[in-house]
Every structure is written in structure tokens, then in C-alpha cells.
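Worksheet: one structure, shown below.
The values are calculated or read from the model by the stated rules, or taken from the named source; none is laboratory data. This one's a predicted model, so the numbers in the text were calculated from it and none came from an experiment. Calculation scope for accessible area: heavy atoms of the full protein, side chains included, ligands and nucleic acids excluded. Shrake-Rupley method; radii C 1.70, N 1.55, O 1.52, S 1.80 Å.
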Amino acid sequence: MPAQNIVGPQVRKLRSAKGWSQEELAAHLQKAGWDIARGTLAKVEARVRCVSDGELRTLARVLKVRMEDLYPPA
């Protein structure tokens, strides 16, 4: 089965809830050690680019949520 990005919509929702732009979230992620550009983040949110386990961990830490919260509700 090919890799899929199922966390993109949740990332967008959580980012928006914080009032952050994609540029702001990318800056926070960069400070946390993930070298990501706004355009790449846009691809993550659009479900075009997959995220690795480590990237998922960084997203959760920066957004201050559990990793499980990045997955869509069942």
C-alpha cells in the first residue's frame, strides 16, 4: 500500500485554531529543528506530501497536542 498523508487536514485545523499562518507554523517548526518551508507545509496540509514519524512528533510538540490528535477522528 502506498504511503498516505492523513494528518494534513488536522494540522491545518490545529494551526488555524492557534491563529497561525502557514509561515508562522513553518517558523515554529524550524525553531524546533525541522527545516521546512511554507510551501512544503502547504503540501503537508493539502495531503500531497507525507510526513515521517519524526516530523509527526515535531508537529505534535510545536502544536502542543498529542500525536494521536494529529490523526482524523475515527
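In what sequence, largest accessible area first, do 24, 45, 68, 55 appear using a 1.4 Å probe? Walk me through the intermediate numbers first.
Values: 24 85, 45 5, 68 115, 55 30 Å².
Result of the area sort, largest leading: 68, 24, 55, 45.
Please work out how much length the chain gains when fully extended from residue 40 to residue 27, using 0.36 nm per residue of separation minus the C-alpha to C-alpha distance, in nm with one decimal.
Result: 3.5 nm gained on full extension.
The list (1) 9; (2) 36; (3) 29 gives values of percent of Cα pairs over 22 Å apart, and only one came from this structure; which label was calculated from it?
After the calculation, the listed value that fits is (1).
With every protein chain present, what is the per residue accessible area of the chain (1.4 Å probe, Å²)?
Working: 4670 Å² over 74 residues.
That works out to 63 Å² for each residue.
Can you spot the lysines whose alpha carbon is less than 16 Å from residue 13's alpha carbon? Ignore those fewer than 8 places along the same chain.
Residue 13 reaches 43, 64.
For the chain, which whole percent of the accessible surface, found with a 1.4 angstrom probe, sits on carbon and sulfur atoms? Walk me through the numbers on the way to the answer.
Working: 2390 of 4670 Å².
Its accessible area is 51 percent carbon and sulfur atoms.
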